[in-house]
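Report on one structure; see the data block that follows.
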Amino acid sequence: METDTGPLDLWEPAPPAFVHALPALLEVYTAAMEPPAEQLPGRRTIMEQHARHPRFKAVLAMQPAEDPVGPGADAAPCPPRLAGFAYGFHGHRGQWWFDVVTEELRRRDPAAERRWFRDTFEVAEVHVHPGMQGRGIGRALLERLTAARPERAAVLSTRTGSTVARRLYGSCGFVDVLPEFSFPGSPDQPFAIMAARLPLRGRGRRRSAGRSRGWRWTG
């Protein structure tokens, strides 16, 4: 696919390759989210567990490898760079996020729980490296991630406020289900729970799911 600054490869790794690539994925996650360093081991464990969920799917956005130019042009090509990633899985009872959100929805709006959470794809993470943001990569990841899913709806959580992420999700058809919700243990970090019918509305252009040339996290 083409972004505002050039071509980009989208790769859909199998769960073992996704787990093997976690060091690189966490670098993007850290740059984008700036979490406390002590939280990173727990985040890695969560992502490893997510890779075992049913109907898991991940998408990695890679800048293609470049052939060297100028002096030393006979050297090996520069390796591809990870620009961003996204992943999700089928949501169901027994998963922490799913259970916490649906419990609150049954309390506030039972009809919304029935409308959106009877057959859902949970978009767990969408992150683009700050140096690559604003180029359409987040939209490309989201559209590829949700393409051809069998579920009726996609659901996710994102920080409240007029953020770039919320505007992206809204442009793809996501609506607020819980406009402000705090997860257990994080009362000072409100999130919006959003949902959209599948397939998403959007203008994505698809390409085959191949492996980016030179990408070293091959599993």
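Given the structure, is ALA140 under 14 Å from the mean Cα position of the chain (by Cα) and touching a residue at least 12 places away in the same chain (Cβ under 8 Å)?
Numbers: under 14 Å from the mean Cα position of the chain (by Cα): yes; touching a residue at least 12 places away in the same chain (Cβ under 8 Å): yes.
In short, yes.
Given the conditions (1) at pLDDT 95 or above; (2) in contact with a Pro (Cβ under 6 Å, 6 or more places away or on another chain), report the number of the one that SER157 does not fulfil.
Result: SER157 fails condition (2) only.
So which of ARG144, ARG107, ARG114 is surrounded by 20 or more Cβ atoms within 10 Å (Cβ to Cβ) and in a helix (DSSP H, G or I)?
On the way: ARG107 fails: surrounded by 20 or more Cβ atoms within 10 Å (Cβ to Cβ); ARG114 fails: surrounded by 20 or more Cβ atoms within 10 Å (Cβ to Cβ).
Selected residue: ARG144, the only one of ARG144, ARG107, ARG114 that is surrounded by 20 or more Cβ atoms within 10 Å (Cβ to Cβ) and in a helix (DSSP H, G or I).
Picking from ALA86, ALA124, which residue would you name as being in contact (Cβ under 8 Å) with a residue 60 or more places away in the chain and buried (at least 17 other Cβ atoms within 10 Å of the Cβ)?
The match here is ALA124.
Show the residue pairs that are 6+ apart or on different chains and have beta-carbon atoms under 6 Å apart, the first residue being within the range 177-188 and on the phi < 0 side of the Ramachandran plot and surrounded by 10 or more Cβ atoms within 10 Å (Cβ to Cβ), the second being among the hydroxyl-bearing types (Ser, Thr, Tyr) and assigned to a loop (DSSP other than H, G, I, E, B).
Pairs that qualify, where the first residue is on the phi < 0 side of the Ramachandran plot and surrounded by 10 or more Cβ atoms within 10 Å (Cβ to Cβ) and the partner is among the hydroxyl-bearing types (Ser, Thr, Tyr) and assigned to a loop (DSSP other than H, G, I, E, B), are GLU180/THR160.
Considering only residues that are over 24 Å from PRO184 (Cα atoms) and either part of a loop (DSSP other than H, G, I, E, B) or within 11 Å of the chain's Cα centre (by Cα) (or both), which ones fall in the range 147-159? Please lay out each step first, then the result.
Step one: list which residues in the range 147-159 are over 24 Å from PRO184 (Cα atoms), which gives 147-153.
ALA147, ALA148, ARG149, PRO150, GLU151, ARG152 - these are the residues of the range 147-159 that are over 24 Å from PRO184 (Cα atoms) and either part of a loop (DSSP other than H, G, I, E, B) or within 11 Å of the chain's Cα centre (by Cα) (or both).
The values are calculated or read from the model by the stated rules, or taken from the named source; none is laboratory data. Here the structure is a predicted model, which is why all the values come from computation and not from measurement. With ideal geometry, Cβ positions are generated from the backbone for all residues, glycine too; neighbour counts draw on all protein chains shown.
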